[in-house]
Amino acid sequence: MAVFIVRPFGKKGDVDFDRVESELIQQAMTAAGVRGGTTGLIARSGNIRLDMFERLVLADLVIADISINNANVFYELGIRHALRHRPTILIRFKGSRGAEEKLPAPDDVPFDLRTDRYLEYDLANLAASVPDLTRTITDSLRANNPDSPVYVLLPKLEPPSIDTLRGVPAEFREAVKLAVAKDDWARLGLLAEEIEGLDWATVGRRVVARAFFERSAWAGARIWYEAVREDDPDDVEVNLKLATVYQKLGDLPTSIAALERVLDQGNLTPTLAAEKLALLGSHRKTLWIDRWRALAPGERPGAALANFPSNAVEAYDAGFVEDQNHFYSGLNALSLRMLQLELAKRAPDEWSAPFEREADAVAALAKITDECEPLRGAVARSIQAARIRDEARVRHAGGDRDFWIDFSLADFRFLTGQKPAAVAAGYRDVCNAVPAARGVTSLVARQLRVFRDVGVFVEKAEAALRELGEPFDLPPPAPTPRRRVVVFSGHRIDRPGRTPPRFPATREAAATAAIGNAVAAEKELAKGGPMHGIAGGANGGDIIFHEICAAADIQTTVLLALPIDQYAAESVNDGGPAWTERYRRLVQRVPPGILGESPELPSWIGDRRDYSIWNRNNLWTLHTALAEANVDVTLIVLWDGKGGDGPGGTADMVALAEKRGVKIVRIDPTELPR
């Protein structure tokens with residue numbers, strides 16, 4: 001959580017406002033788990049007023065000290081109140097204008113703020129006011145009610161979208177696109193991780209989370225949508241996306257909990273309301289499928305009909321009513337109705353069972369048939385309208401057409417068409433028109449298999465699946481063995497004359513033995529399952545680790561912060577020609593991944609202090625290990641437990657591993673025999 005402090009600077013009269021910040025405000029912020037500062041911390045060149053505006057508008061919380069009539073304070077407070085409806089905390093020190101007072105007296109509160117609440121602190125005992133301010137901070141961040149007088153007095157006024165106000169640098173967006181194009185999930189995780197603390201971090205992580213989501217990389221989407229939700233627990237879009245993610249990961253209870261967080265929220269746009277209801281319908285439909293799919297094929301139609309999810313149909317219907325451009329809702333409502341009609345033909349006894357009279361069963365079936373007719377036309381028109389809008393977008397803005405619209409049209413033809421070959425052609429046309437659509441055919445196939453599994457439209461489903469290149473029958477999924485990944489980070493061989501010594505050349509043999517034992521222990525834990533090693537290429541521990549893994553027939557990946565020759569100059573050659581030769585053999589045997597072409601940081605993180613390409617390399621290395629699902633990660637470190645010679649050392653890697661819950665095995669080189 002980012003906090004911006006608005007206050008007078010230095011001493012004003014007998015009051016030291018710098019001391020008020022350090023002894024009261026910062027102490028309370030630390031206790032509340034938030035961080036931030038004033039315009040006094042703005043160090044980058046440029047327009048300081050612009051930087052001040054950004055922080056006033058984008059900060060999650062503003063604390064304003066209105067003890068004295070300081071023009072800058074009230075100017076900045078007015079900007080905050082005008083553009084953000086919450087949260088802002090007003091504070092002032094206690095006092096009175098009586099002659100008996102020995103402490104300074106605050107100025108009168110301006111007329112326009114006299115109805116506002118503010119926290120009074122004790123100037124003579126700042127520490128005593130820390131608990132009160134801490135509670136106020138946590139309560140303000142938790143509350144949903146506006147505290148800006150502008151939005152309190154004008155309740156219909158909508159605050160601007162924070163995503164609109166927070167600009168994500170174009171270079172960052174391009175880096176995300178490039179990582180997605182290469183399916184480079186490790187680099188995508190790096191991008192999301194390294195923007196921690198930047199003004200636009202939440203919006204940037206939303207961009208990354210959306211990229212994971214759109215490529216069905218559910219584990220990554222979960223990590224980064226949850227990170228976004230930490231900043232705004234009630235964000236409707238994020239909770240809806242998380243509900244989908246949890247569902248895809250097989251965690252329906254958590255998915256339902258995420259959905260319930262938005263069920264009672266009002267003022268949703270029609271599109272979001274439709275999305276919410278469609279997701280609810282999807283949950284109900286999934287639970288229904290699970291009830292009959294495990295049965296023998298002959299038992300499925302009756303069981304599916306007896307437990308038919310009418311509540312899912314209602315949810316999809318309600319979603320389509322909310323927004324008739326949301327063709328997904330209408331298509332699913334139509335699909336379930338047609339499935340119900342076909343099941344009634346195949347299991348007439350199950351259909352009639354709930355009705356007292358046969359005439360009632362017939363009338364109910366006729367009602368569903370009548371409902372299908374107008375819905376069929378409305379869904380067709382909704383999909384066609386979406387296709388027209390998307391074609392206009394492509395003409396004016398470029399880019400690929402939205403193949404999900406085309407797949408939805410193919411699904412509609414599957415429901416309404418008669419000839420299997422014609423139905424299959426619809427799916428083939430989508431894949432031929434947009435090659436990228438081939439990457440999601442397994443998702444399209446799921447809906448077709450629902451019909452196949454329950455014995456409805458089997459010939460059409462078989463033809464469509466064949467055209468999509470998807471098997472008609474899926475074998476039971478084989479259990480996936482957990483993959484063990486070992487990351488190594490450690491000290492380089494000491495330069496000649498280093499004092500005090502840390503990893504002198506005389507301890508190389510002992511270090512090699514210790515690293516070998518640690519690798520062997522991990523291999524034993526893998527129990528013959530897949531195992532992989534990841535490390536840099538520096539002289540000392542990195543190269544030793546790769547050599548040990550090669551001897552143990554463990555494949556490794558070499559990750560370098562810089563191109564091969566530049567990296568050698570920075571991290572290898574000062575160990576002597578023997579190390580340089582071992583490095584050359586390593587990179588010839590294992591072509592390395594290269595993080596960047598120079599030590600310069602990307603423009604979007606150029607302002608970060610105490611951050612270098614070596615920090616960046618640590619993040620990249622760790623996310624490379626964590627990028628896969630079903631993986632156990634261990635970090636082996638050759639480390640003396642102390643800070644390194646600069647940012648990005650082993651201490652930095654250990655801190656990152658602890659943050660991610662990675663197992664850490666430490667070898668202290670100072671305790672090894674010479």
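If you take every DSSP beta bridge whose two residues both sit in the chain, what share of them, in percent to the nearest 5, is antiparallel?
Working: 2 of 39 bridges.
Percentage antiparallel, nearest 5: 5.
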Cα-based Debye curve of the chain sampled at q = 0.07, 0.09 Å⁻¹ gives log₁₀ I(q)/I(0) of -0.67, -0.99
Whichever lysines have a C-alpha closer than 17 Å to that of residue 460, once near sequence neighbours (fewer than 8 apart) are set aside
419
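Pairs 241/527; 177/276; 182/642; 12/156; 11/156: which are spaced more than 31 Å apart, C-alpha to C-alpha? Before the final figure, lay out the partial values.
On the way: 241/527 37 Å; 177/276 28 Å; 182/642 37 Å; 12/156 40 Å; 11/156 41 Å.
Exceeds cut-off: 241/527; 182/642; 12/156; 11/156.
Starting with the highest mean, order 350-358, 330-338, 548-556 by the number of other Cβ atoms within 10 Å, averaged over the residues of each peptide. Before the final figure, lay out each step's value.
Numbers: 350-358: 13.3, 330-338: 23.8, 548-556: 15.9.
The peptides rank, most packed first, as 330-338, 548-556, 350-358.
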Extension length gain for residue 72 and residue 290 (0.36 nm per residue less Cα distance), in nm, is 72.2 nm
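Within the chain, which complete DSSP H helices have Cα atoms spanning at least 24 Å along the helix axis and a mean Kyte-Doolittle hydropathy of -1.0 or higher? Please report the intermediate quantities before stating the final value.
Details: long enough: 270-293 (34 Å, -0.36); 327-346 (28 Å, 0.22); 358-397 (58 Å, -0.24); 508-526 (27 Å, 0.51).
Answer set is 270-293, 327-346, 358-397, 508-526.
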Could you tell me the convex hull volume per residue, in Å³, taken over the Cα atoms of segment 483-671?
120
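Go through 660-666, 524-530 and give me the packing order, highest mean Cβ count within 10 Å leading. Let's see the in-between values first.
Numbers: 660-666: 14.6, 524-530: 12.4.
Ranking the peptides 660-666, 524-530 by packing returns 660-666, 524-530.
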Ignoring everything except DSSP H segments at least 4 long, calculate the 222 nm mean residue ellipticity for the chain; use -39,500 (n - 2.57) per segment, divide by total residues, nearest 500.
-17000 deg cm²/dmol
Two decimals is fine: what is log10 I(q)/I(0) at q = 0.24 Å⁻¹ for segment 400-474, from a Debye sum with one equal scatterer on every Cα and no solvent?
-1.07
How do 363-372, 499-508 rank on mean C-beta neighbours within 10 Å, highest first?
499-508, 363-372
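None of the figures in this text is laboratory data; all of them are computed from the coordinates on show. Predicted model only: the values in this text are computed from it and were never measured. Using ideal geometry, Cβ is built from the backbone for each residue, glycine included, and neighbour counts are taken over all protein chains shown.
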